[in-house]
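In what follows, a single structure is set out as structure tokens and then discussed.
The values are calculated or read from the model by the stated rules, or taken from the named source; none is laboratory data. Keep in mind it's a predicted model, so treat the numbers as computed, not measured. All Cβ positions, glycine included, derive from the backbone under ideal geometry; neighbour counts span all protein chains shown.
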Amino acid sequence: MSRAASVPVLTIDGPSGSGKGTISALVAEHLGWHLLDSGALYRAVGYAAGMAGLDVSDVEAVTRCAQGISIRFRAAGKDGGVRVIVNGHDATDELRTETAGAAASAIAAMPPVREALVALQLGFRKPPGLVADGRDMGTVIFPDAAFKVFLTASAAERAKRRYKQLKEKGLNVTLAGLQREIEARDNRDASRAVAPLKPAEDALLVDTTGIGIDDVVAKVLAVVQP
């Protein structure tokens, strides 16, 4: 067994709005393990490319950027979520913008960049352990992980959470519209050809509908510390 393979990994996968980002940060903080928020990686590469003045449609340049990027994740407590440090800069707020989302979408379609980011994700596996948050952590990136959790929640519950977040930002959205978007995304993610969103066969399923954050954290910690 290689040195990296001996490092314990807890994968926490699930659909958007299931709470995996918050839960992963709190669990990593409790365990004292490293944290990987895989969903932020493409946005981080887009941010780094922009800071370097690169054309995000230039596959070779963006691939080199992805290969040389430095990304760290820092848990910021129950209300703070996760802070993302890109090449030494706290880029958390910039990564949440629509511009970052558009760049990430373009970059995610580039196979060489995807390959570079797989290698980057594997590099997060360092002692004493890793909590990996995403959609295919337990099925594709870390299939040998000792601990696997798949968080879910009803589409209605996830829509309510998203609605609250967006309203607090002053955005004009409807609950019904958000629920339709979430259901459509669930269908796309579950039926896509590459790395479809699904629980690993050996993952513990945790439905977070109507459950408080502390209770979900306790359920996840019980997987690692029974």
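Here are the numbers for this structure:
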read-out	value
Residue in region 115-137 that is assigned by TED's automatic domain parsing to the domain that holds Val216 and among the polar types (S, T, N, Q) present	no
Hits in region 169-200 (condition: over 20 Å from the mean Cα position of the chain (by Cα) and part of a loop (DSSP other than H, G, I, E, B))	Lys169, Gly170, Leu171, Asn172, Val173, Thr174
Single match in Arg43, Arg3 (criterion: basic (Lys, Arg), at pLDDT below 95 and surrounded by fewer than 16 Cβ atoms within 10 Å (Cβ to Cβ))	Arg3
Hey, Gly21 of a type outside the set (Ser, Thr, Tyr), in contact (Cβ under 8 Å) with a residue 24 or more places away in the chain, surrounded by fewer than 24 Cβ atoms within 10 Å (Cβ to Cβ) and part of a helix (DSSP H, G or I) or not	yes
Close pairs (7 angstrom Cβ cut-off, 6 or more residues apart or separate chains): on the phi < 0 side of the Ramachandran plot and charged (D, E, K, R) in region 128-154, assigned to a strand (DSSP E or B) and crowded, with 20+ Cβ neighbours inside 10 Å anywhere	Asp133/Ile12; Asp133/Leu36; Asp133/Asp37; Arg135/Asp13; Asp136/Asp13; Lys148/Thr11
Single match in Ala44, Ala61, Ala66, Ala75 (criterion: outside the structural domain of Ile211 (by TED's automatic domain parsing), more than 27 Å from Leu197 (Cα to Cα) and in contact (Cβ under 8 Å) with a residue 12 or more places away in the chain)	Ala61
Those residues of region 135-154 which are surrounded by 18 or more Cβ atoms within 10 Å (Cβ to Cβ), at pLDDT 90 or above and within 19 Å of Gly17 (Cβ to Cβ), in sequence order	Met137, Gly138, Val149, Phe150, Leu151, Thr152, Ala153
Boolean, Ser57 is surrounded by fewer than 24 Cβ atoms within 10 Å (Cβ to Cβ), within 13 Å of the chain's Cα centre (by Cα) and either among the hydroxyl-bearing types (Ser, Thr, Tyr) or on the phi > 0 side of the Ramachandran plot (or both)	no
Hey, Leu117 under 16 Å from the mean Cα position of the chain (by Cα) and either farther than 21 Å from Gly19 by Cβ or surrounded by fewer than 12 Cβ atoms within 10 Å (Cβ to Cβ) (or both) or not	yes
Failed item, numbered, when Gln165 is tested on (1) polar (S, T, N, Q); (2) farther than 20 Å from Ala195 by Cβ; (3) at pLDDT 90 or above	(3)
Residues that are polar (S, T, N, Q) and either assigned to a helix (DSSP H, G or I) or buried (at least 20 other Cβ atoms within 10 Å of the Cβ) (or both), drawn from region 61-111	Thr63, Gln67, Thr92, Thr99, Ser105
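Here is a yes/no grid of residues against (1) within 30 Å of Gly210 (Cβ to Cβ); (2) at pLDDT 90 or above; (3) touching a helix residue (DSSP H, G or I) at 6+ places or on another chain (Cβ under 7 Å):
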{"residue": "Gly17", "(1), (2), (3)": "yes, no, yes"}
{"residue": "Leu36", "(1), (2), (3)": "yes, yes, yes"}
{"residue": "Ala48", "(1), (2), (3)": "no, yes, yes"}
{"residue": "Asp55", "(1), (2), (3)": "no, yes, yes"}
{"residue": "Cys65", "(1), (2), (3)": "no, yes, yes"}
{"residue": "Arg74", "(1), (2), (3)": "yes, no, no"}
{"residue": "Val84", "(1), (2), (3)": "yes, yes, yes"}
{"residue": "Pro112", "(1), (2), (3)": "no, yes, yes"}
